[in-house]
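Read through the structure below, which is laid out as C-alpha cells, and then see the notes.
The values are calculated or read from the model by the stated rules, or taken from the named source; none is laboratory data. Nothing here was measured: the structure is a model prediction, and the numbers come from that model. A quick note on method: Cβ atoms are made from the backbone with ideal geometry, for glycine too, and the neighbour counts reach across all protein chains shown. Heads up: the accessible areas ignore ligands, DNA and RNA and are worked out on the full protein's heavy atoms, side chains in. Shrake-Rupley method; radii C 1.70, N 1.55, O 1.52, S 1.80 Å.
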Amino acid sequence: GAVVSQHPSRVICKSGTSVKIECRSLDFQATTMFWYRQFPKQSLMLMATSNEGSKATYEQGVEKDKFLINHASLTLSTLTVTSAHPEDSSFYICSVRSGQVNEQFFGPGTRLTVL
Amino acid sequence: GQNIDQPTEMTATEGAIVQINCTYQTSGFNGLFWYQQHAGEAPTFLSYNVLDGLEEKGRFSSFLSRSKGYSYLLLKELQMKDSASYLCAVRYQGQTGANNLFFGTGTRLTVIP
C-alpha cells in the first residue's frame with residue numbers, strides 16, 4: 001500500500017502561534033490529499049480536500065483562513081493552523097487515495113497540543 | 001447528510017469470533033470501508049465493500065447489504081493484538097462531486113485471555 005508520512009508527529013505550542021504540519025506521499029504522486037481531525041474518543045472528521053495546484057475544498061464549519069492548506073507538489077501537502085488556541089488541540093491526520101485500488105491510506109498523524 | 005451507528009465497545013475472548021455491526025444512512029453511497037485504529041495511531045485499511053455480499057481476507061471478513069444500509073466486520077481466531085478501535089466508514093459523493101469518506105465513531109474491541 002501507499003506510504004504516507006507526516007511531520008512533526010507531535011507538537012506543543014503556545015496559544016496564538018502558528019503550526020505547520022507536512023504530509024508526504026512517499027511512493028506515488030497524489031493529486032488529492034485529505035486532512036482529517038480527530039478529538040479524543042471521537043470519529044475522524046474530514047476538514048478539507050487538498051488539490052495539487054489549486055485551492056483546497058473545505059468542509060462546512062471549517063475556517064479556511066484559520067487552517068491554511070497548500071498542495072504545491074504531487075507529493076507534499078501542508079496544513080498550517082494559524083493563531084492556534086487550546087480548542088485546536090487534536091490529532092491531525094492526512095490521507096491519500098490510491099488511484100489503482102479502492103483504498104485510502106493514512107499518515108501516522110500529528111498530535112497538536114496548544115497550551 | 002451521513003450517519004453511521006456502531007456499538008461503542010465490545011469485549012471478546014482470545015481465539016473466539018466477534019462480529020462488529022455497522023448501520024449507515026447516506027446519499028451518493030459509493031462503498032463501505034473498515035479500518036483498524038490503535039490508540040494514538042492512524043487508521044489502517046482492513047476491507048472495502050461496494051457490492052452486496054461477503055469479502056474475506058484472512059482472519060477478517062466484511063459483509064455489506066446496501067438495501068438494508070448494513071455491514072459487519074467479522075474477526076476470527078481473535079488475538080490479543082486485535083484489541084483496537086474498528087471504524088466503519090462510508091464513501092459518498094461530496095459537494096464538489098469528489099468522493100469523501102465519512103467515519104463512524106468506532107467500536108473499541110477488547111480481547112481478553
Below 22 Å, Cα to Cα, which lysines can A:LYS66 reach? Residues fewer than 8 away in the same chain don't count.
A:LYS14, A:LYS20, A:LYS55
Taking chain A and a Cβ-Cβ threshold of 4.7 Å, the cysteines left without a partner are A:CYS13
Taking every alpha carbon pair in the range B:1-109 and sorting the distances into 5 angstrom bins from 0 up to the bin holding the longest one, the percent per bin comes out as 2, 13, 24, 25, 19, 10, 4, 2, 1, 0
Whole-percent carbon and sulfur contribution to the accessible surface of chain B (1.4 Å, no ligands, DNA or RNA) stands at 48
Cβ under 15 Å from A:THR110's Cβ, A:THR110 left aside: what net charge do those residues give with Lys, Arg +1 and Asp, Glu -1?
+2
Ordered by packing density, taken as the mean number of other Cβ atoms within 10 Å over each peptide's residues, highest first, how do A:68-74, A:41-47, A:58-64, B:56-62 rank?
A:41-47, A:68-74, B:56-62, A:58-64
Computed over chain A, Kirkwood Rh from alpha-carbon pairs, angstrom
14.0
Report, to one decimal in Å, the Kirkwood hydrodynamic radius for the range B:28-75 based on all distinct Cα pairs.
11.4
Rounded to the nearest Å, the spacing of the alpha-carbon centers of the range A:31-65 and the range B:26-60 is 20
So which lysines can B:LYS81 reach, going by Cα to Cα under 29 Å and dropping same-chain residues fewer than 8 places off?
A:LYS41, B:LYS57
Shielding of A:48-58 by partner chains, average beta-carbon count, 10 Å
1
Derived scalar couplings ³J(HN,Hα) [the range B:60-74; Karplus, 6.51 cos²θ - 1.76 cosθ + 1.60; whole Hz; x for Gly, Pro]
10, 9, 9, 10, 9, 10, 5, 5, 9, x, 9, 9, 9, 10, 10
Alpha-carbon Rg with Dmax, taken over the protein assembly as shown, Å:
17.6, 52
Which ³J(HN,Hα) values, rounded to whole Hz and listed in residue order, are derived for the range A:18-31 from phi using the Karplus coefficients 6.51, -1.76 and 1.60 in 6.51 cos²θ - 1.76 cosθ + 1.60 with θ = phi - 60°, glycine and proline given as x?
10, 10, 10, 10, 9, 10, 10, 9, 8, 10, 7, 7, 10, 6
Net charge contributed by nearby residues that have their C-beta within less than 13 Å of A:THR80 (K/R +1, D/E -1):
-1
Given chain B, what percent of its DSSP beta bridges are antiparallel, to the nearest 5?
90
Just add up the charged neighbours of B:TYR70: K/R +1, D/E -1, any other residue whose Cβ is under 15 Å from the Cβ of B:TYR70.
-1
